[in-house]
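Only one structure is covered here, and it is reproduced in the block below.
No value in this document is a laboratory result; all are computed from the given coordinates. What you are looking at is a predicted structure, and each value in this text was computed from that prediction instead of being measured. Because the Cβ atoms are built from the backbone with ideal geometry, glycine has one as well, and the counts that use them run over all protein chains shown.
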Amino acid sequence: MKKTERQNGIIHLLRMRKKMTAKELADYFDVSERTIYRDIDGLSQLHVPIISYEGLGGGYEIDSSYFLPSIKLSEQEILMLLMVLKAGEEFRIPNMAADYNLLSGKLLNVLPDDERQKASQAISHINFDILRIIPKGYADDVLNPILEALFKSCDLQLSYYHPERNATESRRFSPIELQFGDGGWYINGYCHLREEKRTFRLDRIVSITCMDEENHFINRELPVPEHDKFRWNTYELLIDPALYRIIKDDVYLQNAVARSIDSKMHLTVSTPYKDEICKLVLCHPKKVTALRPEEFMDEIKQLSNALSEKYQDVSQRSISDEESN
């Protein structure tokens, strides 16, 4: 990073964080404290109003009235921001597609005509594959009430569509966390109808409004029900070492503790991705063995038996059909 870029960065950090020590600034920019001292001296010579405090609790501040003129972005910085925006598009934040397009256009228009075409071409060759489900759409203005409720710590009134029951229910809901997973947006919190923690997909919310009632659950740790999509469980598996080397970087194995046992790898992994663990066991019956928990092993047995019976019946019917023909 060039000196001028780092000095501009110091100004922005001090405006954002109010006060920082030389060590904190040095750690942030990965330079020595001596370099930060030189940068601060240079900024002072440029009449940037940086205030220095010595002793315990000391550090640097910048006068709150100081105005920083518009920043000139480099070509690399614009490309980085365009990449972030393109990744952000994959998150499909509700009701914000137009904002992404507008902001991308603003960034591209900063560049000269010839550089703009090159940047557009470069970004067109960068893609992100993070989707598993693709919601068809969201109710108008579904996001703003959620953000307002999190900001004001108030409850929400929402109508939610249940595809399994093909019905819509009205609920009072105390939101705790908005999160993205598998290609869709979810909100979890306390459901006053069910009197427990629940998780709802935003694309299944039909209507939503903020309530005057205070959210008393926003900073509370709620018990996670068995059916919660994002419930964490701990699994123990025996897995073929060659297969483990192939999949060990997959997200559902990020917390795995591995050790060798004879010719196998013993894994203990805590993860909310139960479906992925289940598919791993079922798709590789000769290379993966589930050891714990007992209820998970029972589920695997039931699934295996159901599949065996189903396809045995299918096979027998096929043979009977052939014989009758």
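What to note about this one:
- For MET211 and ILE93, the FRET efficiency from 1/(1 + (r/R0)^6), where r spans their Cβ atoms and R0 equals 22 Å, is about 0.40.
- Estimated purely from DSSP H runs of n ≥ 4, each contributing -39500 (n - 2.57), the mean residue ellipticity at 222 nm for the chain is -13500 deg cm²/dmol once divided by its residues.
- To the nearest ten degrees, helix 143-152 and the longest principal axis of the Cα atoms of the chain are 70 degrees apart.
- Exposure proxy shown here: for GLU75, GLU195, the number of other Cβ atoms within 10 Å sets the order, fewest to most, as GLU195, GLU75.
- Listed candidates (1) 26; (2) 52; (3) 31 - label of the one calculated as percent of Cα pairs over 35 Å apart: (2)
- Note on HIS12 and ASP262: the model spin-label points, each 7 Å out from Cα along the C-beta direction, lie 5.7 nm apart.
- Between the helical axis of 3-17 and the longest alpha-carbon principal axis of the chain there is an angle of about 70 degrees.
- Derived scalar couplings between HN and Hα for region 291-301 equal 10, 7, x, 4, 5, 5, 4, 5, 4, 4, 4 Hz in order, rounded to whole Hz, by the Karplus curve 6.51 cos²θ - 1.76 cosθ + 1.60 (θ = phi - 60°), x for Gly and Pro.
- Computed lengthening from ILE300 to GLU276, 0.36 nm per intervening residue step minus Cα-Cα distance: 7.4 nm
- Long-range HN-HN contacts of ILE176 with modeled amide H, under 5 Å: ASN188, GLY189, TYR190
- Put a dot 7 Å past the Cα of GLU164, heading toward its Cβ, do the same for GLN121, and the two dots end up 5.2 nm apart.
- Projected label points at GLU148 and LYS86, each 7 Å from Cα along the beta carbon direction, are separated by 3.6 nanometres.
- Annotation: extensible slack from LYS287 through ARG245 equals 13.9 nm (criterion: 0.36 nm per residue apart, minus Cα-Cα distance).
- Exposure here means at most 13 other Cβ atoms within 10 Å; with chymotrypsin sites (Phe, Trp or Tyr not before Pro) in a DSSP loop as sites, the longest stretch of the chain lacking them is 129-231.
- Listed by Cβ neighbour count within 10 Å, with the fewest neighbours leading, ASP113, ASP27 appear as ASP113, ASP27.
- Estimated dipole of the chain in Debye, rounded to 20 [Cβ of Lys and Arg +1, of Asp and Glu -1, Cα centre]: 600
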